[in-house]
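Worksheet for the structure shown next.
The values are calculated or read from the model by the stated rules, or taken from the named source; none is laboratory data. Treat the numbers as computed from the prediction; the structure is a model and nothing was measured. Reconstructed Cβ throughout: ideal geometry from the backbone, glycine too, with neighbour counts over all protein chains shown. The accessibility values were calculated without ligands, DNA or RNA, using every heavy atom of the protein model including side chains. Shrake-Rupley method; radii C 1.70, N 1.55, O 1.52, S 1.80 Å.
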Amino acid sequence: MGVINCTPDSFYAGSRVPDSAAAVERGLQMVAEGADLLDIGGESSRPGADPVSEQEEIKRVMPVVEALLDKVAVPISIDTVKSGVARCALQAGAHILNDISAMRFDPAMAEVAAQFDAAVVLMHLKGTPKNMQSNPVYEDVVAEICHYFETRIEFAVDNRMMRENLIIDPGIGFGKRLQDNYEIIRRLREFSKLERPVLIGLSRKSFIGRVLNLPPEECLEGTLAAAAVAILNGAHMVRVHDVKPMKRAAIIADHLTGKLPRATA
């Protein structure tokens, strides 16, 4: 999943494409480099981020969504917690709703997702982007996230969504301590009991930078290592800024798991 941030303030400066034309070009490049789907967002969810208005978010993302729907064959995901933004994107033809709140922040989101029969990414988030890193505490981070997903999957099904349309994302960096992020990746296979595909979003995040003592701009190698381990531990999808190197790493990881045919000599 290639990340397209139509924002001026996302945590990784290299991912910011607030100009619509540049964002479309970024999407075309990602598809050429092997992206299987594109995730377009117009509101930063970095720690401490302030929310933007629905109107501003729509203004940022819709020209990009509409242009890429016309130019690429891969599925388009809209990254939003606002039902109005989701409705606009899904009406235009977007295929996936990626909601970091798992449809908790906007009461109308479930109705929109059900109406369009969209695939939905349910992410775990403790608190909000504004306060999520203010002393998050867990007794057993994986068990607590699993329980959270059980309740959100039940909510989705109760609101006329197909269980088969749901994807889960444990929310690396979203209300997690440094050690929590590594424990989630180590124990990722435990989420298999939920019988839903697992999306992992770890690209250039601070849990990598803090260990390496590097800024996001220098965390590509750490991202590739963490993502490869995540795939080996059961991740089905990886959400990344750097498609070409991640695609290559993912192919090797898939060969190691036996998911791809053995290469010929």
With the requirement that a residue be under 12 Å from Met161 (Cβ atoms), open to solvent by 10 Å² or more (accessible area, probe 1.4 Å) and not charged (D, E, K, R), what does segment 108-122 give you? Ala114, Gln115, Phe116, Ala119
Quick check on Lys82: is it under 16 Å from the mean Cα position of the chain (by Cα), open to solvent by 40 Å² or more (accessible area, probe 1.4 Å) and within 28 Å of Cys6 (Cβ to Cβ)? no
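Go through segment 29-84 and count every residue that is hydrophobic (A, V, I, L, M, F, W, C) and assigned to a helix (DSSP H, G or I).
11
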Any idea how many residues of segment 147-198 are more than 19 Å from Val238 (Cα to Cα), surrounded by 15 or more Cβ atoms within 10 Å (Cβ to Cβ) and charged (D, E, K, R)? 2
So Ile100 fits all but one of (1) in contact with a helix residue (DSSP H, G or I) (Cβ under 9 Å, 6 or more places away or on another chain); (2) among the hydrophobic types (A, V, I, L, M, F, W, C); (3) buried (at least 24 other Cβ atoms within 10 Å of the Cβ); what number is the exception? (1)
What number goes with the only condition from (1) open to solvent by less than 10 Å² (accessible area, probe 1.4 Å); (2) in a loop (DSSP other than H, G, I, E, B); (3) within 16 Å of Pro197 (Cα to Cα) that Leu125 does not pass? (3)
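For every residue, the table says whether it meets (1) within 15 Å of Ile172 (Cα to Cα); (2) open to solvent by less than 60 Å² (accessible area, probe 1.4 Å); (3) without any contact (Cβ under 8 Å) to a residue 60 or more places away in the chain.
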{"position": "Ser203", "(1), (2), (3)": "yes, yes, no"}
{"position": "Ile208", "(1), (2), (3)": "yes, yes, yes"}
{"position": "Ala235", "(1), (2), (3)": "yes, yes, yes"}
{"position": "Lys244", "(1), (2), (3)": "no, no, no"}
{"position": "Ala253", "(1), (2), (3)": "no, yes, yes"}
{"position": "Leu256", "(1), (2), (3)": "no, no, yes"}
Within segment 214-221, is even one residue surrounded by 20 or more Cβ atoms within 10 Å (Cβ to Cβ) and touching a strand residue (DSSP E or B) at 6+ places or on another chain (Cβ under 6 Å)? no
For segment 124-153, name all the residues that are modelled with pLDDT under 95 and not charged (D, E, K, R). Leu125, Gly127, Thr128, Pro129, Asn131, Met132, Gln133, Ser134, Asn135, Pro136, Val137, Tyr138
